[in-house]
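Take a look at the structure set out below.
The values are calculated or read from the model by the stated rules, or taken from the named source; none is laboratory data. In this text the structure is predicted, and so the values were computed from the model without any measurement. Here the Cβ positions follow ideal geometry from the backbone for every residue, glycine too, while neighbour counts run over all protein chains shown.
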Amino acid sequence: MTQPYLVLSGIRKSFGAIEVLKGIDLEIGTGEFVCFLGPSGCGKTTLLRAIAGLDRQTSGRLWQAGREISTLPPSARDFGIVFQSYALFPNLTVFENIAYGLVNRRLAKAEIKARVDELARLVHLEPHIAKYPAQLSGGQQQRVALARALALSPGLLLLDEPLSALDAQVRGHLRAEIRSIQRRLGVTTIMVTHDQEEALTMADRIVLMNDGRIEQVGSPREVYGRPATPFTAAFIGQMNVLSGIWADGCARVGAETLVAAEVPDGLGDRADVTVCIRPEDIGLTANGAAGVAATIAGLEFCGSFLRLHAAAPSLREAPIVVDLAPERANGLALGPGMECRLHLPGDRLRLYPGTARP
Amino acid sequence: MTEIPMGTLGAIERPRRAVDVERLVHTLATVAGALILLVIIVLPLAAVFVKAFQARDGSFAGLANFTAYFGNPALFRSVWNSVWVAGLATVITVGLAFVFAYGLTRTRMRGKTLLQLVAISPLLTPSMLPAISLVYLFGNQGVIKDWLMGQSIYGPIGLVAGLVYYCFPHALMILVTALTLADQRLYEAAEALGTRPARIFRTVTLPGIRFGLIGAAAVTFTLAITDFGVAKVVGGRFNVLATDVYKQVVGQNNFSMGAVVGLVLLIPAILSFAVTRAAERRQRAALTARAVLFAPQPASFRDTVFLVACGLIAVVLAVMLGMSAYASLVKLWPYDLSLSLISYDFAEHDADGWSSVWNSLILGGGAAAVGTVLVFVVAYLVEKGQGPRGLREAIRVVALLPMAVPGLVLGIAYVFFFNQPANPLNGLVGGMAILIINTVAHFYTVAHLTAQTALKQIDGEFEAVSASLRVPQYKTMLRVTVPLCLPTLISIFGYMFANALTTASALIFLYGPDTKVASVAVIAMDDAGNVGPAAAMAMVIVYCAVAVRLITAGLNHLVAGRLQRWRQR
């Protein structure tokens, strides 16, 4: 990222007494695909609307392509937007929808037609150009919305939960398509989503938000593999979250002592510590003396893996979740009530100071 | 697929604007809309309050007018008269309307379409019409005069009967809505538990529609207590508030006392308005999105009983309309019953002749055209505009006000406000313009709520999309929002037009020498003893109102079928 395309500085937004954005600082590079990810109510859509100028921030400043846009109305900013509802004009054909912004530019008819045809080709809609939105499927409507947003070749493309109204199969297909169009055009893109899988598969960088603040910014790999906070750890993917005490360079969780390869700064002796480990990182053996003694409480078949809930009284009350690849599980003859041993490798343990929020 | 080079993408130039002109225009337009509503609704009503505290010469009188009013037994008696007559009319109307609504929604009786048409026919009649029909049926030379066993139709009996006819469709529509919004699964659950029908009715049906019943009763009571037409024609010497206002203002030129009576009349109207709004809100919340709509099973005994009951009610309603229609075609009631159009030769019976009908059509067309545009633009600015939020909220509240104001009160409000010599709009008095403005204000609320509902159903992101495409919002309004709202605009137009034709209560105070309208002519001719021509004029109003409704229905059909092909899947 040589020179940031979009810079947000100290963005705050209040609706009455409720503060929805509590100071957001962020830089986004030219051509980047960034996902705002977070639980509902975390402020991600509000932030997107502030960038578009639709809901102006209460305080804070924004720069786009070196130009300050903090107080500009939406019509003076440079962006294209796609909403969850698509917001297609139902009384206009696909052609007229895509051409909507072009017509206002007073371009020659032939020029408009050439441009719309080009865009329709880009999103594979040529055969449907004369239809009305009501005659299209959800996925096709979404493509029209995308083409319309790209028609004026904006420098910034904003996508507000664009895929959440679609069924799973169409969604998967469109993910790949949006990403390939974005790469081809090189347009800087921000997508708001609450779907972590969508963010992990599409984004160059994920901006994980919670309660009006940014929790972590990083590539999907970083955010998944090295969550910076217990919130990130618990929000992305499955996570076992254990509470313990820091003593003698080890985490004491229940009756067990866990040694982590990596230890965060600032852990004092006898301090509270939160220990996280992903279900697929836990090893399981049928017998032996090493590891934590546990009893299998239940099994779930999840297609590509087997998820089991193991009661480990020496660790904590609630069952520990363990994911096993089917070939591993097949050799073990697992069943409810079976005694086993859990192995928590030190290089997979993530430690955070303090007690995790419930 | 061809690549789109960045070169072409950058070729489209982007104009930049530093000042947000659009926002400025929206703010100015919203201010203008608020000012218009201020002048046509708020200030006239304020004038009624002011006038009530003034002596006849315009000096401040404190509570003197009120003490004079409540100290006058003849005037004060009208309060009690109005209350019990309206109360009785409410009980009867809601009872009959409940039976009818139950038949329409919860049984499988035959002929529902026809019954429903007859049931809502009173909406298209001026309220003088049922009163005139009552005179023909039970008056001194009435067809079935003996049925009253010596009692006179002029007075409480005629009032209650006329009001029931006039209010019936209003109560019916509210109850039909309430009964339609029932969850089938509640009934299935009750039946599965072996509950007897009487207990299901008591524990499921009644609780489900109690807000509808309250709303219907409140609306009926307000309509009944504020109605002018019925009281004017068959009230006789039985004084009620509505006729008192008229007598004070028009008869005795006592504006201050008229204002006091107007304020008294405003109390039940505002109370019932508040009750209705609360009931509506509760009713809507009662039905969850996942409920299954009730569909009645056939039951021959029940269906027959309701067909007979609803059929009887419909026959009575049809007779009321038919009596005036027939009487207007009779040569000289009751002496020469041969058919003739002599009653329709209005020039013989009233100085203005047919011109009052043309005036009514000009008023209707004018109010519909002006009203539809004003209502839609203001509702658009409130719902989709970028004007100041507080101002838009204020407009929302003011738009609800006319619903709580009886036509009579709005009429005297206009007299008080526009007749002041200091008012720059004073020149409008006596002209068609003031009648049009008053009618728009009178029927503003329902039209506004209709437009608001339609606008709320439109995707809220259209404006955002159009801003991102740098298309000015007014273009998107004209190109997308208006076409989407076309059916709504047509129905607002029809509503304004038909109501402008049938209403008399406000106009009776405001018409000038050249602008007498048909509904006022009905009252004038009836007053002069020309009951036949009054019935004929009332029928002309009905025919015009029916024509307006048919034309707007036809337009809507055309729009849905031909012009808006995109509505079809």
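Worth pointing out:
- Scope the range A:217-235; condition of a type outside the set (Gly, Ala, Ser) and in contact (Cβ under 8 Å) with a residue 60 or more places away in the chain; matching residues: A:217, A:226, A:227, A:229, A:230, A:231, A:235
The rows are residues; the columns are (1) free of Cβ contacts under 8 Å to residues at least 24 places away in the same chain; (2) crowded, with 18+ Cβ neighbours inside 10 Å.
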residue: B:296; (1), (2): no, no
residue: B:308; (1), (2): yes, no
residue: B:314; (1), (2): no, yes
residue: B:318; (1), (2): no, no
residue: B:321; (1), (2): no, yes
residue: B:328; (1), (2): no, yes
residue: B:336; (1), (2): yes, no
residue: B:339; (1), (2): yes, no
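- Total residues in the range B:527-569 satisfying the condition of being within 14 Å of chain A (Cβ to nearest Cβ) and either among the charged types (D, E, K, R) or not in a helix (DSSP H, G or I) (or both): the figure is 6.
- Here is the figure for the range B:463-484: residues that are farther than 23 Å from residue A:155 by Cβ, hydrophobic (A, V, I, L, M, F, W, C) and either facing chain A (nearest Cβ under 9 Å) or in contact with a helix residue (DSSP H, G or I) (Cβ under 7 Å, 6 or more places away or on another chain) (or both) total 3.
- The listed residue being more than 24 Å from residue B:216 (Cα to Cα), in the same structural domain as residue B:223 (by TED's automatic domain parsing), free of Cβ contacts under 8 Å to residues at least 24 places away in the same chain and of a type outside the set (Phe, Trp, Tyr), out of B:155, B:142, B:111: B:142
- Only a single criterion out of (1) surrounded by 11 or more Cβ atoms within 10 Å (Cβ to Cβ); (2) closer than 21 Å to residue A:230 by Cα is not satisfied by residue A:292, namely (2).
- Which listed residue, of B:508, B:437, B:490, is of a type in the set (A, V, I, L, M), in a helix (DSSP H, G or I), away from chain A (no Cβ under 14 Å) and closer than 15 Å to residue B:128 by Cβ: B:508
- Beta carbons closer than 9 Å, at least 6 apart along the sequence or on distinct chains, pair a first residue in the range A:250-277 that is outside any loop (DSSP other than H, G, I, E, B) with a second that is modelled with pLDDT under 90 and acidic (Asp, Glu) for A:257/A:248.
- Residues in the range A:12-39 that are aromatic (Phe, Trp, Tyr) and touching a strand residue (DSSP E or B) at 6+ places or on another chain (Cβ under 8 Å) were compared, and the one that is surrounded by the fewest Cβ atoms within 10 Å (Cβ to Cβ) is A:33.
- The residues of the range A:314-358 that are without any contact (Cβ under 8 Å) to a residue 12 or more places away in the chain and either within 16 Å of residue A:292 (Cα to Cα) or buried (at least 19 other Cβ atoms within 10 Å of the Cβ) (or both), listed by number, are A:317, A:318.
- Within the range B:400-434, restricting attention to residues that are assigned to a helix (DSSP H, G or I) and under 14 Å from the mean Cα position of the chain (by Cα), the residue that is nearest to residue B:269 (Cα to Cα) is B:404.
- Filtered residues of the range B:161-195 (kept if assigned to a loop (DSSP other than H, G, I, E, B) and of a type in the set (Gly, Ala, Ser)): B:182, B:194
- Residue in the range A:105-114 that is over 20 Å from residue B:386 (Cβ atoms) and facing chain B (nearest Cβ under 8 Å) present: yes
- Some residue of the range B:196-214 being part of a helix (DSSP H, G or I), surrounded by fewer than 16 Cβ atoms within 10 Å (Cβ to Cβ) and of a type in the set (Phe, Trp, Tyr): yes
- Against the test of being part of a helix (DSSP H, G or I), closer than 30 Å to residue B:396 by Cβ, at pLDDT 85 or above and not assigned by TED's automatic domain parsing to the domain that holds residue B:390, the options B:105, B:27, B:90, B:67 yield a single qualifying residue, B:90.
- Single match in B:492, B:508, B:523, B:541 (criterion: touching a Leu at 6+ places or on another chain (Cβ under 7 Å) and either among the aromatic types (Phe, Trp, Tyr) or in contact (Cβ under 8 Å) with a residue 24 or more places away in the chain (or both)): B:541
- For the range B:447-459, the condition of being part of a helix (DSSP H, G or I) and within 12 Å of another protein chain (Cβ to nearest Cβ) holds for at least one residue.
- Residue B:36 meets each of the listed conditions (1) more than 14 Å from every other protein chain (Cβ to nearest Cβ); (2) at pLDDT below 95; (3) out of contact with any Lys or Arg (no Cβ under 7 Å at 6 or more places or on another chain) apart from (2).
- Number of the condition not met by residue A:179 [criteria: (1) among the basic types (Lys, Arg); (2) facing another protein chain (nearest Cβ under 8 Å); (3) in contact with a strand residue (DSSP E or B) (Cβ under 9 Å, 6 or more places away or on another chain)]: (2)
- Matching entry among B:513, B:483 (being touching a residue at least 40 places away in the same chain (Cβ under 8 Å) and either in the same structural domain as residue B:321 (by TED's automatic domain parsing) or under 26 Å from residue A:94 (Cβ atoms) (or both)): B:483
- The number of residues in the range B:219-237 being part of a helix (DSSP H, G or I) and crowded, with 24+ Cβ neighbours inside 10 Å comes to 12.
- All positions within the range A:71-91 that are more than 7 Å from chain B (Cβ to nearest Cβ) and buried (at least 17 other Cβ atoms within 10 Å of the Cβ): A:72, A:77, A:82, A:84, A:86, A:88
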